[in-house]
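Structure first, then comments.
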Amino acid sequence: MKHLVFMYRDLEMGGIQNILYNLSKNLLMKHDIDITWIHPEKVSISNSFSDIFNRDNISFVSSKIITQDTNIDDIIRYDINDQIVMIAFEPIDFNYLQLIKKNSFNCIINTFLIMPHFTNNELFLENHFINPIVKKKTYNTMKYMYHYWYNTNQLLFCNKRHYETLQSVYNINFVNPEQYLLKSVIKINNFNEILVKERFNNRKYFNIISVSRFEFPHKGYVLGLIDDFEKFSSKHKDARLKIVGSGPGEHLLNKRIEKLSSEVKDKINLVGELSPIELEKYLKNMDINIGVAGSITTGISNSVLSIPVRHYSYNCECYGYFHNEKSQLINDAPGIDVLGYIEEVYAMDYNKYKDVCTKDFEKLISMKEFNPDYIFEINNNDYESIRNYDFLKIEKINEKVGVVIKVKSYVKRILKRLNMHLNKGDVITKDGYKK
């Protein structure tokens, strides 16, 4: 029997959660498998994922039970010959999994830290600190830990940009880095030329879709897309914009839309969350998909022309069509305003539109090998190296990070109250965008 244990803060809508959903779904379809979520005190699950993430399919274990003596027997029930894999997406969580592995002597456990971002304070913990001495000390610890995890074959990446960043930041010399790329957990559908033709010939509205977690500035492009849509729809009365998603920045999105004319507002639909199955059905009527990372893969897999755009920018900038050499699923470099490409797609005849869709699909197929079993095919069960693992190295950083986060939260609340007291209207964030 197989066992998958994962540790993450929530199962709300998002890229990491989508990986966990599709990984769990495909493993449950193929195997006799036990799946366990080590969760924080508050259990938070999106309704979109409830068909898989429920107590019939997975076990729930609170992270509160983890102490320095916790072993795998406290987490799951297993037989001695079972395959056990534990995964996390942040070093602090992974540190706890390493502790559990260290304390477990009666079974084989493989553990992986899956890197889902190229810039994130939760991955690069030194970025939490301003004090240069603390920052440098934390950096040296994280460099040591990442080198250890690399040397013990415990790192996996969602995109080559992720290992390139880690290589640059911590000077890790990856040998044959492609082997550290996580295989796709989402099965790509066959290209549906009939659907593309029907959609094109029966077009009543020119439907633009974007699927995103409203988390800014990371997905700030959504606000830029609204700006571009305002310009585009003023020239094309059949234009429609569908925004699928949810998240902590939803109030910013609503504020931006409220400033539009009623004519433009009526053409924008905030759809909310959709389950993966509902999203596939919804995409059938979409003419162009604008987004980042996994949402682009989903769009192309469903035969929708999809343009990847820039991360960490409030402008909606792209690098060309997906099949273009410069275009990447993950990029934060300055690009070209996507509006020009939306205009180009709008003006395309069927043959040109089909050609772009086909080329995008062919590139995706060449990039993505579907293999949800990949994490069960790698062995890193090295008790010689784990025996001397120092859990406290990162736990001490975790305690400091907790203090920093509390202080930042307190300062943020004070500033918010001050802005309200001064009645200044919109609050300008450090990223230069109005709240």
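No lab work stands behind these numbers, since they all come straight from the coordinates. The shown structure was predicted, so the numbers you read here are calculated from the model rather than taken from an experiment. For neighbour counting, all protein chains shown are included, and Cβ atoms are generated from backbone atoms with ideal geometry for every residue, glycine included.
Considering only residues that are surrounded by 21 or more Cβ atoms within 10 Å (Cβ to Cβ) and among the aromatic types (Phe, Trp, Tyr), look in region 184-231 and name the one that is nearest to Val292 (Cα to Cα).
Taking the candidates together, the pick is Tyr221.
Which is over 24 Å from Cys158 (Cα atoms), in a loop (DSSP other than H, G, I, E, B) and in contact with an Asp or Glu (Cβ under 8 Å, 6 or more places away or on another chain), of Ile80, Ile76?
Of Ile80, Ile76, the one residue that is over 24 Å from Cys158 (Cα atoms), in a loop (DSSP other than H, G, I, E, B) and in contact with an Asp or Glu (Cβ under 8 Å, 6 or more places away or on another chain) is Ile76.
Tell me, which residue of region 367-378 that is in contact (Cβ under 8 Å) with a residue 12 or more places away in the chain and not in a helix (DSSP H, G or I) is surrounded by the most Cβ atoms within 10 Å (Cβ to Cβ)?
Among residues in region 367-378 that are in contact (Cβ under 8 Å) with a residue 12 or more places away in the chain and not in a helix (DSSP H, G or I), the one surrounded by the most Cβ atoms within 10 Å (Cβ to Cβ) is Pro372.
Please find, within region 297-345, the residue that is surrounded by the fewest Cβ atoms within 10 Å (Cβ to Cβ) out of those that are more than 22 Å from the chain's Cα centre (by Cα) and more than 17 Å from Tyr221 (Cα to Cα).
Result: Glu325.
Which residues, taken from region 356-366, are out of contact with any strand residue (DSSP E or B) (no Cβ under 6 Å at 6 or more places or on another chain) and either among the polar types (S, T, N, Q) or surrounded by 14 or more Cβ atoms within 10 Å (Cβ to Cβ) (or both)?
If the condition is that a residue be out of contact with any strand residue (DSSP E or B) (no Cβ under 6 Å at 6 or more places or on another chain) and either among the polar types (S, T, N, Q) or surrounded by 14 or more Cβ atoms within 10 Å (Cβ to Cβ) (or both), then Thr358, Lys359, Asp360, Phe361, Lys363, Leu364, Ile365, Ser366 are the ones that fit.
Which is of a type outside the set (Val, Ile, Thr), closer than 21 Å to Ile19 by Cβ, touching a helix residue (DSSP H, G or I) at 6+ places or on another chain (Cβ under 8 Å) and in contact (Cβ under 8 Å) with a residue 12 or more places away in the chain, of Lys219, Lys197, Lys187?
Lys187
Give the residues of region 26-41 that are part of a loop (DSSP other than H, G, I, E, B) and more than 21 Å from the chain's Cα centre (by Cα), sorted by residue number.
His31, Asp32, Glu41
Looking at region 28-60, which of its residues are of a type in the set (A, V, I, L, M) and either more than 19 Å from Leu113 (Cα to Cα) or free of Cβ contacts under 8 Å to residues at least 24 places away in the same chain (or both)?
Leu28, Met29, Ile33, Val43, Ile45, Ile52, Ile58
As an exercise: evaluate Leu11 against (1) more than 25 Å from Met145 (Cβ to Cβ); (2) among the aliphatic types (A, V, I, L, M); (3) surrounded by fewer than 21 Cβ atoms within 10 Å (Cβ to Cβ); (4) in contact with a helix residue (DSSP H, G or I) (Cβ under 8 Å, 6 or more places away or on another chain) and give the number of the one condition it does not meet.
(3)
Could you tell me which of the residues Leu279, Leu274 is touching a residue at least 60 places away in the same chain (Cβ under 8 Å), within 25 Å of Asp51 (Cα to Cα), assigned to a helix (DSSP H, G or I) and out of contact with any His (no Cβ under 9 Å at 6 or more places or on another chain)?
The conditions single out Leu279.
Looking at region 350-368 only, could you name the residues that are among the acidic types (Asp, Glu) and within 16 Å of Gly294 (Cβ to Cβ)?
Scanning region 350-368 gives a single hit, Asp360.
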